[in-house]
1. Restricted to the range 140-157, and to residues that are under 16 Å from the mean Cα position of the chain (by Cα) and not in a loop (DSSP other than H, G, I, E, B), which residue is nearest to VAL195 (Cα to Cα)?
2. Going by what's in this entry, would VAL105 be described as of a type in the set (A, V, I, L, M), open to solvent by less than 50 Å² (accessible area, probe 1.4 Å), assigned to a strand (DSSP E or B) and farther than 30 Å from ALA3 by Cα?
3. For the subset of the range 1-49 comprising residues that are part of a loop (DSSP other than H, G, I, E, B) and among the charged types (D, E, K, R), which member is least open to solvent (accessible area, probe 1.4 Å)?
4. Take the residues in the range 204-227 that are modelled with pLDDT of 85 or more and surrounded by fewer than 16 Cβ atoms within 10 Å (Cβ to Cβ); name whichever of them is nearest to SER97 (Cα to Cα).
5. Would you mind finding the one in GLY113, GLY96, GLY125 that is closer than 30 Å to GLU192 by Cβ and either modelled with pLDDT of 90 or more or of a type in the set (S, T, N, Q) (or both)?
6. Restricting the range 108-139 to residues that are closer than 26 Å to THR169 by Cβ and under 11 Å from the mean Cα position of the chain (by Cα), which is most open to solvent (accessible area, probe 1.4 Å)?
7. Is it the case, given these coordinates, that ASP177 is at pLDDT below 90, surrounded by fewer than 15 Cβ atoms within 10 Å (Cβ to Cβ) and of a type in the set (Asp, Glu)?
8. How many residues does the range 37-96 hold that are among the small types (Gly, Ala, Ser) and more than 22 Å from the chain's Cα centre (by Cα)?
Amino acid sequence: MRAGQTARMSCTIVPPSALQSVHIQWTKDGQILSDSRYVQHTDGTLMVSSLKSSDSGVYTCTASTQQQLEQRQLQLRVQADLKITTAPNNIQVSEGSTAQLPCVVSGDNVNIGWSRNGVPVRPDGRNILMSSDGSLILNNVKPSDEGTYTCNAYTGIYSVSATAEVRVTKDTHQGVDVPPECVDQPELANCELIVYARLCSNSYYSSFCCASCTRHLQRNDRFGRLG
């Protein structure tokens, strides 16, 4: 059953006329029930309202008389309410920075997936990561990363989703002075990869990625001075 519902567990005495001489007691995992949400009816039925995950367990109905005692066990499983407790927000990030889209979900056995403009987003272990709590992390964002991102959480037949817009602004490289003649040559080298692999100190590779390497080196120098 799902959280919030009401469970009804019967403990039928045959014949019904014997109820007058039978003592019925319910326990959960061997413990006497004390919560006001547990209501035992005169026919032996146990009602549990506003179910919680903690209500899951083995319930035992014990029917006893002076001469005999009988027990019946029922197992109750309560599935926590599927809910996105921390949803992603619309964000605007600068090109080359990191975007974080949280998606924290409550529930049992929940699967989480992300899509961008309706197309599934596949983590690649470097630029696209998904944390253990389901949040999406986009490293070194590019203008092509803009779009509508949707977190989809599902368990069984139930599902919930939350959507946020990601906008990428052109990096003005404030404080980084790149001479006009210093340009990248993307047809000759993958400058993003060269910066990532820290190959800018190699004159051969940096000659193809002058602008990217200059911005990277000056940015690191600036951050180093600030630190």
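1. Just the residues of the range 140-157 that are under 16 Å from the mean Cα position of the chain (by Cα), to begin with: 149-156.
Next, only the ones that are not in a loop (DSSP other than H, G, I, E, B) stay: 149-155.
Values: TYR149: 27, THR150: 30, CYS151: 31, ASN152: 34, ALA153: 36, TYR154: 38, THR155: 41 Å.
Looking at the filtered set, the residue picked out is TYR149.
2. On the way: of a type in the set (A, V, I, L, M): yes; open to solvent by less than 50 Å² (accessible area, probe 1.4 Å): yes; assigned to a strand (DSSP E or B): yes; farther than 30 Å from ALA3 by Cα: no.
Against the criterion (of a type in the set (A, V, I, L, M), open to solvent by less than 50 Å² (accessible area, probe 1.4 Å), assigned to a strand (DSSP E or B) and farther than 30 Å from ALA3 by Cα), VAL105 does not qualify.
3. Initially, the range 1-49 is screened for residues part of a loop (DSSP other than H, G, I, E, B), giving 1, 3-6, 10-15, 22, 29-30, 33-37, 41-45, 49.
Right, trim to among the charged types (D, E, K, R) and you get 29, 35, 37, 43.
Details: ASP29: 86, ASP35: 60, ARG37: 35, ASP43: 70 Å².
Step by step, filter the range 1-49, then rank; the result is ARG37.
4. Selected residue: SER207.
5. Values: GLY96 fails: either modelled with pLDDT of 90 or more or of a type in the set (S, T, N, Q) (or both); GLY125 fails: either modelled with pLDDT of 90 or more or of a type in the set (S, T, N, Q) (or both).
From the options GLY113, GLY96, GLY125, the qualifying one is GLY113.
6. In this case the residue turns out to be MET130.
7. Working: at pLDDT below 90: yes; surrounded by fewer than 15 Cβ atoms within 10 Å (Cβ to Cβ): yes; of a type in the set (Asp, Glu): yes.
So ASP177 passes the test.
8. Initial filter on the range 37-96 (among the small types (Gly, Ala, Ser)): 44, 49-50, 53-54, 56-57, 63-64, 80, 87, 94, 96.
Next, from what is left, pick out any that are more than 22 Å from the chain's Cα centre (by Cα): 44, 49-50, 56-57, 63-64, 94, 96.
Total meeting the criteria: 9.
The values are calculated or read from the model by the stated rules, or taken from the named source; none is laboratory data. These numbers come from a predicted model, not from an experiment. So basically every Cβ, Gly included, is an ideal-geometry build from the backbone, and we count neighbours across all protein chains shown. With ligands, DNA and RNA removed, areas are computed over all heavy atoms of the protein, side chains included. Shrake-Rupley method; radii C 1.70, N 1.55, O 1.52, S 1.80 Å.
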